[in-house]
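Visitor: Encoded as structure tokens, here's the structure I'll be asking about.
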Amino acid sequence: MKCVLISSEGAEVLFYWADPDFLAMLQQRFGIQDQNGDEIPSVEDSINTLFAPMIISCGTMLEKLGDTYTCFSAENGKHLYVLHMFGECLYIAMNGDGRESEDDLRRQLYVLRRLTEAHFGLVTLDSHLFHRELRPVETEQRAHIWGLFQSLLQTYNQLHEEDQSFAVEAVERLIHPQLCEQCIEFLERQVVQYINSNTERAGHEVVHAFLLIHTKLLAFYSSRNASSLRPADLLTLLLIVQDLYPSSFKDQPVPEVFAQPIEGEISLQRPQSSESIPVNSPLYHSTSEEQIADDLSMPEEFFTPKASPSQQSTGSAWTEGVDSQSDGEVNSADFLLAEDMLHIVESPASEATNPRRIFLDVNLKEGYCPMMPHTMHCLSLWPGILLVLLTKNPSSQVALSLYQLLDGILMIEKKLKEGQESRQPLRSQPLFLELRHRMDKFVKKLGGQESQLQNTWQELKNKISSRSEPGTSLELLQAFCNVRRQLCAVYRLLFLGSPGAQGLPQNLLERVQQFTQ
């Protein structure tokens, strides 16, 4: 019995997912009102009634003490609750059958947070706009959004139980040197170069292409100017792909290498750099590690991706921050190595899926940029064998500019919240001067298209520049929050405004799918 939900500070349920056992418990507890002739409350109302005292008490503790509980048990220890604040939203995970630990529940909260970032991008930096995206006013639209995330969480829980890649949170790679080499060469010359040189691509550029057999990575190719993919992002992509094309892991034959006993203790440490396998390097060649694994059938090795030293880190791949690598390669430390039998299967009917908008972290020459807009295309080649293409949005530079502005505003907001006083007035501090220069330049490029942003920014500058009444820290903080909200609104308009992602033309994808098969 389990439930996961996101709540606002005002105890409004922004999203929930619950299994049948939890829904049955709600029906048993709140459905008895029907005996008095009253209308049976909806699931959402019942969840709100159940969790509202907890949410309100958590908010009160944060307001009065600046801290709150993160985990507790109830019902004589039978029910376990884990809470985590992301921004101004409270994420709660509950388990009532004793099958999950605190770490398991907290990991699910990080997974849900990563999924919201992948779908909404930098809009998650503003709680008001995030609420509107996650809980739209229109009932039909809300059911669609909630259904999307509920399906992803259901898929994640199934994968976590049945697939070792998600159990240990690392990507599993199929080792077959000759086949991998041929596939990478094919992805580069026949897929990526073909699409990127085609005039029909409408400004979209394929930066990553990879072949999957169920959840296992067969071949991965990145263009020369592409950034590296973090393990957390690659796991997110695998989760989304599996949600689109579910695999039945119970029906898959178990490879012989999985059945071999592993002597000694399984290592959870990252290997040295000399053990790396450049899976997405443009230079496709076999490594000595691949040859050894192929020839001698080594037992699989498990590696946990290194997490960033963040205060919110739990040591999980889903919680990691900026990857230290910036050379556009994915290390073998971020992959599970295994030898699997490749089975010949019949080709299904050709059908390219609709493009999926997704936001991924990138390292550019201009600097790091989280949640850069991409478009994902998933093409089914044969049952269980998928070609995934990631294209860069034509407006990537605008997204980078917006992030740099938002990052500067968040840094100033943090100083104002912490009450960091400076002898130097804010208007003459280097951080604000740099922000002012970038912001003025950005607003000028927009022209009169975004008058609200222009007006809000002008009000902030006037407040800071005023020598008589520069404003209190609280007033300045609110003014910066207003500017941040307007920047997120511009981001939303540019990258979330259309109902669906605008990707590569369908006829171009169909041609790629046909000659790939």
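The values are calculated or read from the model by the stated rules, or taken from the named source; none is laboratory data. Predicted, not measured: the structure shown is a model, and the values here were computed from it. Positions of Cβ are generated from backbone atoms using ideal geometry, with glycine treated the same way; all protein chains shown enter the neighbour counts.
Visitor: Give region 412-457 a look and list any residue that's without any contact (Cβ under 8 Å) to a residue 60 or more places away in the chain and in contact with a Phe, Trp or Tyr (Cβ under 7 Å, 6 or more places away or on another chain), or say none.
Guide: Leu426, Met439, Val443
Visitor: Do the conditions hold for Leu129, that is, is it under 15 Å from the mean Cα position of the chain (by Cα), over 23 Å from Val362 (Cα atoms), surrounded by fewer than 22 Cβ atoms within 10 Å (Cβ to Cβ) and of a type in the set (A, V, I, L, M, F, W, C)?
Guide: It is false that Leu129 is under 15 Å from the mean Cα position of the chain (by Cα), over 23 Å from Val362 (Cα atoms), surrounded by fewer than 22 Cβ atoms within 10 Å (Cβ to Cβ) and of a type in the set (A, V, I, L, M, F, W, C).
Visitor: Shifting gears a bit: Limited to region 138-147, what total is found for residues that are within 15 Å of Leu112 (Cβ to Cβ) and either of a type outside the set (A, V, I, L, M) or surrounded by fewer than 14 Cβ atoms within 10 Å (Cβ to Cβ) (or both)?
Guide: The number of residues fulfilling the criteria is 2.
Visitor: Looking at Ala11, Ala24, can you tell me which residue is in a loop (DSSP other than H, G, I, E, B) and surrounded by 13 or more Cβ atoms within 10 Å (Cβ to Cβ)?
Guide: Ala11
Visitor: A follow-up question, please. Based on what the data block shows, is Leu212 surrounded by 22 or more Cβ atoms within 10 Å (Cβ to Cβ), over 23 Å from Tyr368 (Cβ atoms) and of a type in the set (A, V, I, L, M)? Reasoning before the result, please.
Guide: Details: surrounded by 22 or more Cβ atoms within 10 Å (Cβ to Cβ): yes; over 23 Å from Tyr368 (Cβ atoms): yes; of a type in the set (A, V, I, L, M): yes.
Yes.
Visitor: Whether any residue in region 185-200 is over 30 Å from Gln397 (Cβ atoms), at pLDDT 90 or above, more than 24 Å from the chain's Cα centre (by Cα) and not basic (Lys, Arg) is what I want to check. Spell out how you get there, then give the answer.
Guide: Going through region 185-200, the residues over 30 Å from Gln397 (Cβ atoms) turn out to be 185-186.
Then drop every residue that is not at pLDDT 90 or above, which leaves 185-186.
After this cut, where a residue has to be more than 24 Å from the chain's Cα centre (by Cα) as well, the list is 185-186.
If we keep only those that are not basic (Lys, Arg) as well, we get 185-186.
Within region 185-200 (the criterion being over 30 Å from Gln397 (Cβ atoms), at pLDDT 90 or above, more than 24 Å from the chain's Cα centre (by Cα) and not basic (Lys, Arg)), the answer is yes, since at least one residue qualifies.
Visitor: If you don't mind, another one. Could you say whether any residue in region 59-72 is closer than 30 Å to Met376 by Cα, of a type in the set (A, V, I, L, M, F, W, C) and either surrounded by 12 or more Cβ atoms within 10 Å (Cβ to Cβ) or in contact with a helix residue (DSSP H, G or I) (Cβ under 7 Å, 6 or more places away or on another chain) (or both)?
Guide: Here is the first cut: in region 59-72, the ones closer than 30 Å to Met376 by Cα are none.
No, region 59-72 has no match at all.
Visitor: Would you point out which residue out of Arg99, Arg114 is at pLDDT 95 or above and either at negative phi or of a type outside the set (Phe, Trp, Tyr) (or both)?
Guide: Values: Arg99 fails: at pLDDT 95 or above.
That would be Arg114, the only listed residue that is at pLDDT 95 or above and either at negative phi or of a type outside the set (Phe, Trp, Tyr) (or both).
Visitor: Show me the strands (runs of 3 or more DSSP E) found entirely inside region 47-113 where at least 1 residues are among the β-branched types (Val, Ile, Thr) and touching an Asp or Glu at 6+ places or on another chain (Cβ under 6 Å). Before the answer, list the steps.
Guide: Numbers: elements: 71-74, 79-86, 89-95.
The qualifying strands (runs of 3 or more DSSP E) are 79-86.
Visitor: Step by step: first the residues of region 487-517, then only those that are at pLDDT 85 or above and not aliphatic (A, V, I, L, M), then the one that is surrounded by the fewest Cβ atoms within 10 Å (Cβ to Cβ). Which residue is that?
Guide: In this case the residue turns out to be Arg492.
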